[in-house]
Amino acid sequence: MTSFTSIAEKRESGVCVISLSGYLDAHTASDLEDVIKQAIDEGCFKIVVAFAELEYISSAGLGVFMVFIEAIRQKGGDIKLAAMTERVFSVFDLLGFPILFQIFPTINEAEEAFPTEA
Amino acid sequence: MTVPLNDTDFLHVAATTDQLSTIRAFVRAHVSQAGFSELETNNIVLAVDEACANLIQHAYGNDPTKSIDLRIVMRPTEINVEITDTSTPFDPKNAVLPDMRRYFAEHRHHGLGILLMTRVMDGIEYVPAGEGHPANTLILTKLRTA
C-alpha cells in the first residue's frame with residue numbers, strides 16, 4: 001500500500017507551505033495535484049513545497065510541479081522547493097529540474113525568497 | 001556478499017498503480033542485498049518503477065485485469081531486472097527522448113520515465129512477443145561497480 005500525504009498551510013506571509021510525506025509516484029501524484037490546485041483556487045500563488053518527510057519521488061511526481069508552474073508564474077507567483085533529502089534531490093537533479101525550480105535548504109529560506117508585498 | 005550469485009526471484013502483480021509500492025519493495029529487497037550502493041539501489045528501484053508505471057498507464061491503459069511479471073537475475077558482473085507484459089509491443093529504445101531545455105520551455109509534464117531509465121541504468125534491452133514467447137520482455141541492466 002502506497003502511503004502519501006500532502007498538507008497545505010497558509011502562513012502569515014501569504015506563502016502556502018505544502019508539506020509532503022511518504023511516496024510520491026504515479027499512484028499518488030494526483031493527490032498532490034489536487035492539493036496544489038486547491039491552493040491556487042484559494043488564491044495562493046506563492047507556494048513552498050517541503051520535502052523533508054518525502055521518502056521517494058518518481059517522474060510522475062516531478063510532473064506535478066510542471067503542470068502548475070507556468071500558470072503560477074503568470075500570476076506573479078512561484079513554486080519553490082525546500083528541505084529535500086539527498087535521495088529525492090538526486091531525482092530532480094538527474095533531469096535538470098534545478099534549472100527551472102529554486103531549491104532551498106529550509107522552508108524558511110524558501111519562504112523568505114518571495115518578495116515582500118508593499 | 002551474502003546473496004548467492006546467479007540467484008533469481010519473481011513477482012507477479014496486477015497492472016495497477018497501487019502495486020508500484022509492492023514492485024519497489026520487491027526490487028529494493030533483492031538489490032540492496034546484492035552489493036550495490038544505496039544510490040545505485042535507489043536508481044535501480046526508480047528505473048523499474050518508471051518502466052512499470054509506463055506499462056500500467058500507457059501500454060495497459062490502467063486495465064486492472066492485466067498483469068506484470070518481474071524477474072531479478074543476479075550475475076557476477078551485473079544485475080538484470082526482467083519486466084514482462086502482454087501489451088502491444090513498444091521498444092522504449094525507439095522513444096524520442098526529450099530535450100530538457102525544450103521540455104521546460106514548453107512546460108510539458110509527461111514523458112520523462114524512459115529518459116530517467118536511460119540515465120540511471122547501464123543497459124536497456126527489449127524483446128517483443130514472438131513465436132515461442134507470447135509476452136514482451138524489457139531487461140534493465142546495472143553493472144556491478146564494486
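Taking segment A:92-105, which residues are farther than 13 Å from A:Val49 by Cβ and either open to solvent by 50 Å² or more (accessible area, probe 1.4 Å) or basic (Lys, Arg) (or both)?
A:Asp93, A:Pro98, A:Ile99, A:Pro105
When B:Asn80 is tested against (1) in contact with a Ser or Thr (Cβ under 6 Å, 6 or more places away or on another chain); (2) closer than 16 Å to B:Gln19 by Cβ, exactly one condition is not met: (2).
Pairs meeting the criteria (first residue in segment B:134-146 and within 21 Å of B:Asn43 (Cβ to Cβ), second residue hydroxyl-bearing (Ser, Thr, Tyr), beta carbons under 7 Å, at least 6 apart or on different chains) are B:Thr137/B:Thr84; B:Leu138/B:Tyr126; B:Leu143/B:Thr77; B:Arg144/B:Thr77. The residues listed here are A:Glu55, A:Glu109; of these, the one that is open to solvent by 30 Å² or more (accessible area, probe 1.4 Å), more than 8 Å from chain B (Cβ to nearest Cβ) and in a helix (DSSP H, G or I) is A:Glu109.
Taken together, the residues in segment B:77-118 that are of a type in the set (D, E, K, R), in contact (Cβ under 8 Å) with a residue 60 or more places away in the chain and open to solvent by 20 Å² or more (accessible area, probe 1.4 Å) amount to 1. May I ask you to verify whether A:Pro105 is closer than 24 Å to B:Leu97 by Cα and free of Cβ contacts under 8 Å to residues at least 24 places away in the same chain? So A:Pro105 does not fit the description; no. Scanning segment A:36-52 for residues that are assigned to a strand (DSSP E or B) and of a type outside the set (D, E, K, R), we see that the one that is farthest from the chain's Cα centre (by Cα) is A:Ala52. The set of residues from segment B:103-136 being among the aliphatic types (A, V, I, L, M), more than 8 Å from chain A (Cβ to nearest Cβ) and closer than 30 Å to B:Phe36 by Cα comprises B:Ile114, B:Met117, B:Met121, B:Ile124, B:Val127, B:Ala135.
In this structure, does B:Asn42 turn out to be at negative phi and in a helix (DSSP H, G or I)?
yes
Here A:Ile69 passes the criteria (1) facing chain B (nearest Cβ under 9 Å); (2) surrounded by 19 or more Cβ atoms within 10 Å (Cβ to Cβ); (3) touching a helix residue (DSSP H, G or I) at 6+ places or on another chain (Cβ under 7 Å) except the one numbered (3).
The values are calculated or read from the model by the stated rules, or taken from the named source; none is laboratory data. Because the structure is a prediction, the values reported are computed rather than measured. A quick note on method: Cβ atoms are made from the backbone with ideal geometry, for glycine too, and the neighbour counts reach across all protein chains shown. Ligands, DNA and RNA are stripped out before the accessible areas are found, and what is left, the full protein with its side chains, is counted by its heavy atoms. Shrake-Rupley method; radii C 1.70, N 1.55, O 1.52, S 1.80 Å.
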